[in-house]
Amino acid sequence: MTEPAPQRHRRRAFDWSTAAIAALAFSAGATVYWRDGPARFLTIFESDLLLFGDMLPKVLAGCLIGAFVTLLLPRELVARWVGHESGFTGLLIAALFGFILPGGPITIYPVAGAFLAMGADAGAIVAFITSWTLVGYTRALVWELPFFGSHFVIWRIVEALPLPILAGVLARIAARAVFARR
Amino acid sequence: MTLAINLMLWLLVGALGLIAGYRGRVLLKNGLRDGAMEFIHLLPRIAIGVVGSGFIAEVLPRALIAPWLGPKSGLTGVLIATLGGALTPGGPVVGFSIGAAALKSGAGAPQVIAYSTAWALYAVHRLVMWEVPLMPPRVVWLRAAVSVPLPFIAAALAMLLAKP
């Protein structure tokens, strides 16, 4: 916990997930081309490219907001904050920071681990991770928007809003039940 | 609406940039560089996924998707989607491409929401690869266990609100 989390990680330019989807996309594209003709191929290509182009400024903004928040909001401070709050307020604060903190799994799970070390309970950790995965803006801006468009994403997030708190409450009940039996 | 979102986001970028610049030029430079690097890293992945999901949707058999995952598939569709989400391996490109392709080829919005919620919360592959090595296992399993009903709740809310 004393080691500061590395700011940036060396990332490979190639990953298997992208390669698999690229292969699938290429065969699907070829199938459409041979089966339905070049006109249909171009129609699909054009509409998806337009959606992608429309979302690019938002993706770039998402990346920049994420980078600035990472630099401006020291994770140590967040961990102390979440660790010291308890009760329902603790769940709310954990969920709020799940929404605010950017980053992928490599950076977010160590932060959640630091919350534990600072005294946060399992409920707060669960609320934090659930909020980060379902409501977090960087993920929505950078990944979800280009794929689904803003209408779908906004409604999906609205419908996910109660879930982090609910998961936190459930985790507290479950943790208490497990400890009571011991 | 997309213009309003863009405006709001870039105002936020401007405000954060100002705060960073006020605290020091190095901070501003680092923020801009990190954000730009992330964007360049993600660009090809998102492009392949977004354009690819359109073609994948086109070759998926609609006749099969509609009864099993369509808007009228109800709870069965949500259950299948949730299981599918939990078992989808790989990174975000895979999950979002599959979800978008399903939506384009006739799956219902609540079913797709259940899929992406389950995949985001407890894709087995990610729990084992990422979360268990970095977190105390008992917290990981507790989180996974309490997350089991969440895709169903999200889908139910989507059905109640009848949106998107």
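The values are calculated or read from the model by the stated rules, or taken from the named source; none is laboratory data. Predicted, not measured: the structure shown is a model, and the values here were computed from it. As a convention, Cβ positions derive from the backbone with ideal geometry for all residues, glycine included, and neighbour counts pool all protein chains shown.
For A:Asp54, the conditions (1) touching a residue at least 12 places away in the same chain (Cβ under 8 Å); (2) of a type outside the set (Ser, Thr, Tyr); (3) out of contact with any helix residue (DSSP H, G or I) (no Cβ under 6 Å at 6 or more places or on another chain) all hold with the exception of (1). When segment A:138-182 is filtered for residues that are hydroxyl-bearing (Ser, Thr, Tyr) and closer than 22 Å to B:Leu161 by Cα, only A:Ser150 remains.
Out of the residues in segment A:63-94 that are touching a residue at least 60 places away in the same chain (Cβ under 8 Å) and in contact with a Phe, Trp or Tyr (Cβ under 7 Å, 6 or more places away or on another chain), state the one that is farthest from the other protein chains (Cβ to nearest Cβ). It comes out as A:Ala94.
Considering segment B:47-60 alone, what residues qualify as being touching a residue at least 12 places away in the same chain (Cβ under 8 Å) and either at the interface with another protein chain (Cβ under 7 Å from one of its Cβ atoms) or within 16 Å of B:Pro92 (Cα to Cα) (or both)? Answer for segment B:47-60, where residues must be touching a residue at least 12 places away in the same chain (Cβ under 8 Å) and either at the interface with another protein chain (Cβ under 7 Å from one of its Cβ atoms) or within 16 Å of B:Pro92 (Cα to Cα) (or both): B:Ile48, B:Gly49, B:Val50, B:Gly52, B:Ser53, B:Gly54, B:Ile56, B:Glu58.
Note on segment A:137-182: enclosed helices (runs of 4 or more DSSP H) holding 3 or more residues that are out of contact with any strand residue (DSSP E or B) (no Cβ under 8 Å at 6 or more places or on another chain), closer than 16 Å to B:Trp119 by Cβ and among the hydrophobic types (A, V, I, L, M, F, W, C) are A:150-160.
Residue-wise test of (1) on the phi < 0 side of the Ramachandran plot; (2) at the interface with chain A (Cβ under 10 Å from one of its Cβ atoms); (3) in contact with a Pro (Cβ under 7 Å, 6 or more places away or on another chain).
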site: B:Val78; (1), (2), (3): yes, no, yes
site: B:Leu87; (1), (2), (3): yes, no, no
site: B:Gly95; (1), (2), (3): yes, yes, no
site: B:Pro110; (1), (2), (3): yes, yes, no
site: B:Ser116; (1), (2), (3): yes, yes, no
site: B:Ala120; (1), (2), (3): yes, yes, no
site: B:Leu127; (1), (2), (3): yes, no, no
site: B:Pro133; (1), (2), (3): yes, yes, no
site: B:Leu161; (1), (2), (3): yes, yes, no
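Just one of the numbered conditions (1) surrounded by 24 or more Cβ atoms within 10 Å (Cβ to Cβ); (2) outside any helix (DSSP H, G or I) is not true of B:Gly49: (2). From the list B:Leu42, B:Leu32, B:Leu64, B:Leu7, the one residue that fits, being modelled with pLDDT of 95 or more and in a helix (DSSP H, G or I), is B:Leu32. Is it true that some residue in segment B:74-82 is under 18 Å from the mean Cα position of the chain (by Cα), buried (at least 19 other Cβ atoms within 10 Å of the Cβ), within 30 Å of A:Phe41 (Cβ to Cβ) and among the hydroxyl-bearing types (Ser, Thr, Tyr)? No, that holds for no residue.
The set of residues in segment A:111-122 that are more than 9 Å from chain B (Cβ to nearest Cβ) and either closer than 21 Å to B:Pro110 by Cβ or in contact with a helix residue (DSSP H, G or I) (Cβ under 6 Å, 6 or more places away or on another chain) (or both) comprises A:Val111, A:Ala114, A:Phe115, A:Met118, A:Gly119, A:Ala120. A search for C-beta distances below 7 Å between a residue of segment A:132-159 that is closer than 21 Å to B:Phe39 by Cα and within 9 Å of chain B (Cβ to nearest Cβ) and any residue that is outside any helix (DSSP H, G or I) and aliphatic (A, V, I, L, M), counting only pairs 6+ apart in sequence or on different chains, returns A:Ser150/B:Met1.
Note on segment A:123-181: residues that are among the polar types (S, T, N, Q) and closer than 25 Å to B:Pro137 by Cα total 3.
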